[in-house]
Amino acid sequence: MEVENLIPILYNESEKDYLTDGLGQLTDTESCIVFEEANGEFSLTLKYPKKGRLIKEFVENRQIYAKPNDIDAPHAFRILEIDKSTSDTTISVSAHSITNDESKNIVKAIKGTNKTAADAMKMIQNNLVVPSRFNYLSDIDTLKSFENAHMTPLAAVLGDEYSMQRLYGGELK
């Protein structure tokens, strides 16, 4: 699903609260489109004028806080690429959900017997090599048994045949 956005806000790389206007509201933005696929890609493409007031603030790894759709709250996207050659007047910025930051972490071995998805998600969160800023939650009450070892949290949640999504079903939000 693609959605045109309200005014996005630019933040530093390490922002976690999104309570201020950060580096600034991107009021000059020509377009901001969020692409969201169920249990898959969650990305943002932004077109910004080369003469925009915040043009010098666009740096890889900074964050863009934007509303992904008409229902959900705003979400943070990490800038991956800034293409300055797309036109004479604009740059194109590509960003992915900050939840992709979890791909740099590892879940230690976990094993659960007759656990709900909420129990499994809490076990993943509590067994990360590096503590996460994200909360791992579920409202699925089905009881299942599982065993995972040494994978990224994203793989543990959405990965192959051993993932929580394959075992319990549901959708990542």
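The values are calculated or read from the model by the stated rules, or taken from the named source; none is laboratory data. Computed from a prediction, not measured in an experiment: that's the story for all the values here. Positions of Cβ are backbone-derived with ideal geometry, glycine not excepted, and every protein chain shown enters the neighbour counts. We work out accessible area using only protein heavy atoms, side chains counted, and drop any ligands, DNA or RNA first. Shrake-Rupley method; radii C 1.70, N 1.55, O 1.52, S 1.80 Å.
Where does the charge balance sit around Asp28 when Lys and Arg score +1, Asp and Glu -1, over other residues with C-beta under 13 Å from its C-beta?
Working: positive: Lys47, Lys50, Lys51, Arg53, Lys56; negative: Glu30, Glu57.
Result for the local shell: +3.
For segment 70-173, the normalised intensity computed at q = 0.11, 0.17 Å⁻¹ comes to -0.42, -0.80 (log10 of I(q)/I(0), Debye sum over alpha carbons, equal scatterers, no solvent).
Need the list of aspartates and glutamates near Lys51 for cross-linking: C-alpha distance under 19 angstrom, and skip anything on the same chain fewer than eight residues off. Hits, sequence-local ones excluded: Asp28, Glu30, Glu60, Glu81, Asp83, Asp88. Calculate I(q)/I(0) for segment 20-66 by the Debye formula, one identical point scatterer on each C-alpha and no solvent, and give its log10 at q = 0.17 Å⁻¹ to two decimals. For segment 20-66 at q = 0.17 Å⁻¹, log10 I(q)/I(0) is -0.56.
Please report the carbon-and-sulfur percent of the accessible area for segment 17-125; probe 1.4 Å, protein heavy atoms only, DNA, RNA and ligands left out. Numbers along the way, then the final one.
Values: 2740 of 5670 Å².
Reported share for carbon and sulfur atoms: 48 percent.
Comparing Val107, Ser138, Ala38 along the charge dipole axis of the chain, the residue lying farthest to the positive side is Val107, per the Cβ-charge model. Relative to the longest principal axis of the Cα atoms of the chain, the long axis of helix 117-126 makes an angle of roughly 70 degrees.
The residues of segment 111-173 present an accessible area of 62 Å² per residue when probed at 1.4 Å with all protein chains retained. Backbone amide hydrogens, once placed in the peptide plane, bring Leu26 within less than 5 Å of Ile9, Leu10, excluding anything fewer than 5 places away on its chain. Counting only protein heavy atoms and using a 1.4 Å probe, the accessible area of Thr116 comes to about 30 Å². For Phe35, nonlocal amide neighbours, meaning residues 5 or more places apart or on other chains whose placed amide H falls under 5 Å from its own, are Ser43, Leu44, Thr45.
Here's the list of lysines a cross-link from Lys47 could span, going by alpha-carbon distance under 18 Å and ignoring same-chain residues fewer than 8 apart: Lys56, Lys67, Lys84. Would you list which lysines come within 24 Å of Lys144, measuring only between C-alpha atoms, while excluding same-chain residues fewer than 8 positions from it? List returned: Lys108, Lys111, Lys115, Lys122, Lys173.
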